[in-house]
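Colleague: Mind having a look at this structure? Questions to follow.
The values are calculated or read from the model by the stated rules, or taken from the named source; none is laboratory data. Model, not experiment: these values are computed from the prediction. Neighbour counts are summed over all protein chains in view; Cβ atoms, including those assigned to glycine, are modelled from backbone coordinates with ideal geometry.
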6 protein chains.
Amino acid sequence: MSELIAIYPGTFDPVTHGHTDLIHRASRLFDHVIVAVAANAAKQPLFSLPQRKTLLEAVTQDIHNVSVIGFDNLLVEKAREVHARIILRGLRAVSDFEYEFQLAGINRKLDDQIETVHLMPAEQYTYLSSSMVREIARLRGDISGLVHPVVEQALKSYYEREQH
Amino acid sequence: MSELIAIYPGTFDPVTHGHTDLIHRASRLFDHVIVAVAANAAKQPLFSLPQRKTLLEAVTQDIHNVSVIGFDNLLVEKAREVHARIILRGLRAVSDFEYEFQLAGINRKLDDQIETVHLMPAEQYTYLSSSMVREIARLRGDISGLVHPVVEQALKSYYEREQH
Amino acid sequence: MSELIAIYPGTFDPVTHGHTDLIHRASRLFDHVIVAVAANAAKQPLFSLPQRKTLLEAVTQDIHNVSVIGFDNLLVEKAREVHARIILRGLRAVSDFEYEFQLAGINRKLDDQIETVHLMPAEQYTYLSSSMVREIARLRGDISGLVHPVVEQALKSYYEREQH
Amino acid sequence: MSELIAIYPGTFDPVTHGHTDLIHRASRLFDHVIVAVAANAAKQPLFSLPQRKTLLEAVTQDIHNVSVIGFDNLLVEKAREVHARIILRGLRAVSDFEYEFQLAGINRKLDDQIETVHLMPAEQYTYLSSSMVREIARLRGDISGLVHPVVEQALKSYYEREQH
Amino acid sequence: MSELIAIYPGTFDPVTHGHTDLIHRASRLFDHVIVAVAANAAKQPLFSLPQRKTLLEAVTQDIHNVSVIGFDNLLVEKAREVHARIILRGLRAVSDFEYEFQLAGINRKLDDQIETVHLMPAEQYTYLSSSMVREIARLRGDISGLVHPVVEQALKSYYEREQH
Amino acid sequence: MSELIAIYPGTFDPVTHGHTDLIHRASRLFDHVIVAVAANAAKQPLFSLPQRKTLLEAVTQDIHNVSVIGFDNLLVEKAREVHARIILRGLRAVSDFEYEFQLAGINRKLDDQIETVHLMPAEQYTYLSSSMVREIARLRGDISGLVHPVVEQALKSYYEREQH
């Protein structure tokens, strides 16, 4: 069978240990994992697209079959472009399950040859989300167990700049 | 028994095949179906209220017992005004079920004589929502199987104008 | 439009105030409401089918457009037989919502001309189910606010007989 | 055992009968209940923090072991500051259950000595939320059964001012 | 305020690390925690009521303010009998949330002076249930990280006896 | 990377078009798909294990990289035995999502090297389950669009035999 490539889309604002855990697991299953960072201008991300990509590259640099790209078009188009047959999504007991379903359904309608598969992050990351991490960082809480040190540093710098 | 009139409220920004399917089904059950388009200024709809009404009128013009109105007051007041004894809502497996419950509960508190009834759209529209349609249209994806041609054209015009 | 008949299927083992509330609401909307008691031999109901029908007839005797029947065939067949265009189901925040969806979907597959509509019981009955009522009655708890006096009496008799 | 203090955090924009019911129930269980009003600048509350505190003080003035504070730091820090061993949250069948879980999980990660406990408001308040109340008040609907008269008056004043 | 006693009901067939974790957390909050083992003859438990009580006593013997009782009447009656003002329930992201709600609602209807409070077990026990443990033990899987050694031994003995 | 083998466990009593759709999709992604039929004596399946395997072999005979096995031990043990690194599960909007989570969590606890991935069946099979199919067949309803002709025939034979 030809190479099995999975595309893992998200906003990653910023990447958390939950995301990294999922990327590690996927990298053991698939030939190549492409982390696709959505530009998502509408959501007004805290970090710019280049910053989010740089942080993802830093935290995944030790996994040889992972690469990071940005995208601002339809996910299924980007998937076809990089020859991904799998769209990978994390499925947390506490995530927005309904939204995941809607997304998988609509993506199948747009291209029935690409399958969405859901993978579960480790249980200690079940309660973790990028927005929670941003909120704790904003209030000067300890996020060292939730994100990589480079991400922790980036968040600290951001909120220090903001204060002035 | 006196005429059974159902009011079907929503933002319809824009109307999708899921909405139209529900209107068809309801028109076979009830004497009259009144599609009530919420002004919803807070949500900043993409299409204006008159535009959304015009699109709904276009896609329902072949159903004789359906009419389209706009409203910017309490739904139960509008329902009383048009003598509707039923508030009609679509119920998708992937919709915001909890929100539907809260809405039905509060509307009953406001007027216990009007019942909210939920109807299920056809399974092929389970994953369909107006916001998904807008997002795909914005990224120039194919929405021809999701909305009526007049809606498709309206979305194309909107995003072409926006680009310039 | 021709008469609008709704069929309201269930096991009703036994009928509770939640069921009766729904029947009342439905009787104000539809020309005729047919309560269809499933034989449900597999579930081994506490009350026999004739007993369950008798209790339902007792608690609905004051509503002129309601009748009670038993059935042991496919629901959509029974619905066609009695010319019902609506299958009526209660939807409680705490009910088995997923099961309701599956049932509605499969019934539509079996007959696309019959619509399942969901109606919400009054909030004070949100937590009420036949199995809860049986359990409380078995443990000699007070069920007077949960079921009609004739049902209360029938449950008392049942558990007194069982004790001997 | 030392005094058992519970902190009850929220935006309370404005306090509803659902909140008050929960505070009453909690005040019968715990030695002290501290209602902690989040500044929540990001959400752009309708009422200012001092206004929201004043309304809460008004509706809880008859309960001797309740006090109201504001906060704009991490909840677990505020909890430690006031010696609360319990974070109290309401759990409605129709509330955002998933969000509650995420919040409880992350707060435990930040301080494992503080427990989140969930309490259920009375059933008649299951469908009640601050945002629903604001929406009904904006549209001049009757909110007298949903909030305390002082809150009703405050909302009326707000929307009258806004109209001019 | 008078002593705060919590009753923690369940079938405990058998007690798992998830239950024990919850008992520990509760014992730090409340003056006394009474673990109430339901006879539950209808469910045909694997272990007898005395066996389940003995296992619970073994795994909680180091916590001074915990005691274990059996019951075969209405929970609220047992709660009143032992002067418990709190019914304690675990709330797992993957538990039967709807059932919990129904139970809390019906218990409040039976006695409005007793509050049901929900507490979350540690995240590593989110996926743990007594039925899963029984199933794994039946198939000779490793349950050493899921239950106390005395429970592990009891399950082994049970399935060895069954095989002969 | 070494061969990617997925094991797809279930009771398959009987196999439906929903299962077959999932097997087809998986066969396009993975090198080998092993359908593992659980003996499940406790559930008292309608068809025997050999019968269920025969039906599965019949409906998957045209897919070259699929094989069918039975098992009566721990799933993770069977997975290791056949060198599967993936446990495949279908995820329907209306399926028992919570149960899926619990299962995936416990299987990871038993063997962290095997990942559970969830795949969505085609939308027209969202409402389909083996138990629904059995119920409709029992009541002589039309199941021709829900299962393969050989399964339809097997169910007819079963219920004809039962009637005599």
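Colleague: Would you pick out the residues in segment B:26-80 that are closer than 20 Å to B:Gln153 by Cα and basic (Lys, Arg)?
Modeller: B:Arg52, B:Lys53
Colleague: Considering only segment F:125-163, state which residues are at the interface with chain C (Cβ under 9 Å from one of its Cβ atoms) and among the polar types (S, T, N, Q).
Modeller: If the condition is that a residue be at the interface with chain C (Cβ under 9 Å from one of its Cβ atoms) and among the polar types (S, T, N, Q), then F:Thr126, F:Ser129 are the ones that fit.
Colleague: Give segment A:18-37 a look and list any residue that's away from every other protein chain (no Cβ under 11 Å) and either under 20 Å from A:Glu123 (Cβ atoms) or at pLDDT below 95 (or both), or say none.
Modeller: A:Gly18, A:His19, A:Thr20, A:Asp21, A:Ile23
Colleague: May I ask you to list the residues in segment A:138-150 that are in a helix (DSSP H, G or I) and free of Cβ contacts under 8 Å to residues at least 60 places away in the same chain?
Modeller: Answer for segment A:138-150, where residues must be in a helix (DSSP H, G or I) and free of Cβ contacts under 8 Å to residues at least 60 places away in the same chain: A:Arg138, A:Pro149.
Colleague: What's the number of the only condition in (1) at pLDDT below 90; (2) crowded, with 20+ Cβ neighbours inside 10 Å; (3) more than 24 Å from F:Leu74 (Cα to Cα) that F:Val133 fails to meet?
Modeller: Exception for F:Val133: condition (1).
Colleague: Among the candidates D:Val59, D:Val37, D:Val68, D:Val76, which residue alone is β-branched (Val, Ile, Thr) and more than 14 Å from the chain's Cα centre (by Cα)?
Modeller: D:Val76
Colleague: Which residues, counting only those in segment F:101-121, are closer than 29 Å to C:Leu74 by Cβ and more than 8 Å from every other protein chain (Cβ to nearest Cβ)?
Modeller: Residue satisfying the conditions is F:Pro121 alone.
Colleague: Scan segment C:5-15 for residues that are away from chain B (no Cβ under 14 Å) and buried (at least 19 other Cβ atoms within 10 Å of the Cβ) and jot them down.
Modeller: Scanning segment C:5-15 gives C:Pro9, C:Gly10, C:Phe12, C:Asp13, C:Pro14, C:Val15.
Colleague: May I pose another question? In segment D:97-112, how many are at pLDDT 90 or above and of a type in the set (A, V, I, L, M, F, W, C)?
Modeller: 1
Rundown of residues vs (1) crowded, with 19+ Cβ neighbours inside 10 Å; (2) within 24 Å of F:Arg28 (Cα to Cα); (3) touching a Phe, Trp or Tyr at 6+ places or on another chain (Cβ under 9 Å), yes/no style:
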{"site": "F:Ile106", "(1), (2), (3)": "yes, no, yes"}
{"site": "F:Met120", "(1), (2), (3)": "yes, yes, yes"}
{"site": "F:Thr126", "(1), (2), (3)": "yes, yes, yes"}
{"site": "F:Arg140", "(1), (2), (3)": "no, no, yes"}
{"site": "F:Gly145", "(1), (2), (3)": "no, yes, no"}
{"site": "F:Lys156", "(1), (2), (3)": "no, no, no"}
{"site": "F:Arg161", "(1), (2), (3)": "no, no, no"}
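Colleague: Of (1) more than 14 Å from chain C (Cβ to nearest Cβ); (2) outside any helix (DSSP H, G or I); (3) modelled with pLDDT under 95, F:Gly70 satisfies all except one. Which?
Modeller: It fails just one condition, (3).
So that you can scan it fast, the table gives a plain yes or no per residue for (1) among the basic types (Lys, Arg); (2) in a helix (DSSP H, G or I); (3) within 30 Å of C:Leu146 (Cα to Cα); (4) in contact (Cβ under 8 Å) with a residue 24 or more places away in the chain:
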position: E:Ile106; (1), (2), (3), (4): no, yes, yes, no
position: E:Ile136; (1), (2), (3), (4): no, yes, no, no
position: E:Glu152; (1), (2), (3), (4): no, yes, no, no
position: E:Leu155; (1), (2), (3), (4): no, yes, no, yes
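Colleague: Between a residue in segment B:70-89 that is under 14 Å from B:Leu110 (Cβ atoms) and any residue that is exposed (fewer than 15 other Cβ atoms within 10 Å of the Cβ) and of a type in the set (D, E, K, R), which pairs come within a Cβ distance under 8 Å, given they are 6 or more apart or on different chains?
Modeller: That search, which allows pairs on different chains as well, returns B:Asn73/D:Arg140; B:Leu74/D:Arg140.
Colleague: Same structure again: What number goes with the only condition from (1) out of contact with any Asp or Glu (no Cβ under 8 Å at 6 or more places or on another chain); (2) within 12 Å of chain A (Cβ to nearest Cβ); (3) over 25 Å from C:Glu123 (Cβ atoms); (4) not acidic (Asp, Glu) that D:Gln61 does not pass?
Modeller: Single failed check for D:Gln61: (2).
Colleague: Right, here's the next one. Looking only at residues in segment A:16-60 that are touching a Ser or Thr at 6+ places or on another chain (Cβ under 8 Å) and in a loop (DSSP other than H, G, I, E, B), which one is surrounded by the fewest Cβ atoms within 10 Å (Cβ to Cβ)?
Modeller: A:Asn40
Colleague: Oh, and also: Would you be able to say whether some residue in segment D:83-96 is in a helix (DSSP H, G or I) and either modelled with pLDDT of 95 or more or more than 9 Å from every other protein chain (Cβ to nearest Cβ) (or both)?
Modeller: Checking segment D:83-96: not a single residue is in a helix (DSSP H, G or I) and either modelled with pLDDT of 95 or more or more than 9 Å from every other protein chain (Cβ to nearest Cβ) (or both).
Colleague: Kindly list the number of the only condition in (1) surrounded by fewer than 19 Cβ atoms within 10 Å (Cβ to Cβ); (2) over 15 Å from the mean Cα position of the chain (by Cα) that fails for D:Phe101.
Modeller: Among (1) surrounded by fewer than 19 Cβ atoms within 10 Å (Cβ to Cβ); (2) over 15 Å from the mean Cα position of the chain (by Cα), the lone unmet condition for D:Phe101 is (1).
Colleague: Another question about this same structure. Can you report the number of residues in segment C:112-134 which are part of a loop (DSSP other than H, G, I, E, B) and within 18 Å of the chain's Cα centre (by Cα)?
Modeller: Looking only at that region, the number is 7.
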